[in-house]
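Written below as structure tokens is the structure these notes are about.
Quick note: the coordinates plus some simple rules give every number you see, no bench work behind them. This one's a predicted model, so the numbers in the text were calculated from it and none came from an experiment. Cβ sites come from the backbone with ideal geometry, for glycine too, and all protein chains shown count toward neighbours.
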Amino acid sequence: MATLLVKARELGDESVADMAQRTGISSSTLHRLARGTKQPSLATLWTLRGAYSVRLDALVYDDPQTVRRGSLPQRQRVSSQNQRLRHGNRHAAG
């Protein structure tokens, strides 16, 4: 939401009331979104995206540039021996 607030100010929206007027989203909803006490619906995100010409990921993440591929959790590799143990050693001869 930080990106959105900066963009809103750039476009002259100095208050939540200004944002509400531009977007049609109620002031109370915008206040709760800004405080983080409410999660936006997809429809709300889409409305904000269109009103302020910001990328959808900029609304979901405070700064999409800080989310890098390497910072996401990696899938764990399971060794072939562990796979055989997990699956009852189905591939063993005998």
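Some points to look at:
- For segment 30-49, the criterion of being touching a Gly at 6+ places or on another chain (Cβ under 8 Å), in contact (Cβ under 8 Å) with a residue 24 or more places away in the chain and among the hydroxyl-bearing types (Ser, Thr, Tyr) is satisfied by at least one residue.
- Taken over segment 1-14, the criterion of being under 18 Å from the mean Cα position of the chain (by Cα), of a type outside the set (Val, Ile, Thr) and part of a helix (DSSP H, G or I) is satisfied by Ala2, Leu4, Leu5, Lys7.
- Selection of first residues in segment 7-29 that are without any contact (Cβ under 8 Å) to a residue 40 or more places away in the chain and of second residues that are loosely packed, with under 12 Cβ neighbours inside 10 Å and among the polar types (S, T, N, Q), restricted to Cβ pairs under 8 Å at least 6 apart or on distinct chains, gives the following pairs, ordered by first then second residue: Ala20/Ser26.
- Hits in segment 12-24 (condition: surrounded by 13 or more Cβ atoms within 10 Å (Cβ to Cβ) and either more than 15 Å from Leu59 (Cα to Cα) or charged (D, E, K, R) (or both)): Asp13, Val16, Asp18, Ala20, Arg22
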